[in-house]
Amino acid sequence: MKAIASARRSLGRMAQLQVLGCAGHLSRRPVTAPRGPVVSLTSFGRRIRLVHLTIESIGRGDLRPSRLILWLDDPDVLARPPAALRRLMRRGLELRLCDDLGPHKKYRPYVESQDHHEKALVTADDDVAYPAGWLRTLMEIHAADPYSVVAHRTRVIQIDGEGLAPYATWPDGAAAPGSPRTIAIGVGGVLYPASFLDELRDGGGEFFVAAPRADDLWLHSRAVLEGRPVVAARAYGHDDMVPLRGTRAGGLLESNVTRGGNDAQAAATYSAWHLERFRVAAENEAKEEATARTGTDTEAKGEANAGEQGTAR
């Protein structure tokens with residue numbers, strides 16, 4: 001049964017990608033609209049040949065971005081973009097040249113391009129197709145909580161003794177509301193408030209020394225420093241983001257997670273101040289969980305005793 005379910009899921013994903021490919025050839029609908037946030041992403045190498053599927057999925061959402069920007073560090077590609085990207089440019093996609101900042105290309109050039117930010121920025125990855133409500137969900141949460149960072153996928157930072165536990169042990173999910181231990185994971189899409197973009201711009205470029213290939217870690221460290229929690233959207237799971245075939249090899253998943261590259265970058269990114277914040281939060285959350293569990297057990301015993309007394313009567 002599991003094999004059948006997996007096969008059906010694979011066929012469904014292939015069909016979604018085929019629809020996106022056909023839309024890229026046939027659609028004339030703009031991929032942008034005035035009331036949305038700015039959406040920014042980057043791509044490189046062979047992944048550029050499939051990034052149009054990611055962009056098409058964003059443009060077909062039930063909320064479209066006001067600007068949709070693809071940052072590239074290869075002037076030859078910018079001068080002669082693939083046909084699929086040229087068609088998207090006619091529908092509102094912007095192609096922009098930038099320095100090779102690794103994954104930081106998806107946000108840093110845009111952050112530095114504005115003297116003052118008035119719209120939120122949503123970053124996307126180039127190796128997945130997003131569901132229709134992806135952008136709308138982020139913006140709805142942002143409207144209710146305009147100060148926080150909002151993400152579809154998050155992990156919980158774990159402490160091991162005096163330092164961080166290995167990144168691979170950080171579980172998916174979110175810590176208690178407002179906890180600094182919840183970190184946004186970029187592949188699901190992350191919304192950064194406009195005021196945070198101004199703080200990022202003024203914060204300098206130390207990211208290239210501490211976390212050159214770990215934008216998630218660096219952005220989280222800055223958010224914690226500014227007192228901005230990460231809110232987990234919880235609307236879409238891992239299976240709702242359709243991976244693009246042939247884009248994962250050589251990417252950040254391989255170098256940062258599989259090979260442990262995130263551990264060294266996390267150690268360089270998070271200061272002793274950060275670690276103390278994480279440690280205190282973890283201790284407080286454990287105490288609150290224990291108190292809640294004790295209260296639940298006490299209530300259950302009280303109900304059981306009341307039931308026994310009623311039976312005795």
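Laboratory data are not the source of any read-out in this text; all were calculated from the coordinates shown. Just so it is clear, the structure is predicted and the values come from calculations on it, not from any experiment. Quick reminder, even Gly has a Cβ in these numbers, built from the backbone with ideal geometry, and neighbours come from all protein chains shown.
Worth pointing out:
- Value of Rg to Rh for segment 174-221 (Rh from inverse mean 1/r over Cα pairs, i.e. Kirkwood): 0.97
- Ordering of 225-235, 169-179, 58-68 by burial proxy (mean other Cβ atoms within 10 Å per residue, highest first): 58-68, 225-235, 169-179
- The charge dipole of segment 2-303, taken about the Cα centre with unit charges on the Cβ atoms of Lys, Arg (+1) and Asp, Glu (-1), comes to about 1780 debye, rounded to the nearest 20.
- Nitroxide proxy distance, nm - points 7 Å out along Cα→Cβ at Ala235 and Thr169: 3.5 nm
- Structural size metrics of segment 2-303, computed from C-alpha coordinates, are Rg and Dmax of 20.1, 73 Å.
- Relative contact order for segment 2-303, counting Cα pairs under 8 Å that sit 6 or more residues apart, in percent: 18 percent
- Positive-end residue of Gly133, Val150, Ser113, charge dipole of segment 2-303 with Cβ unit charges: Gly133
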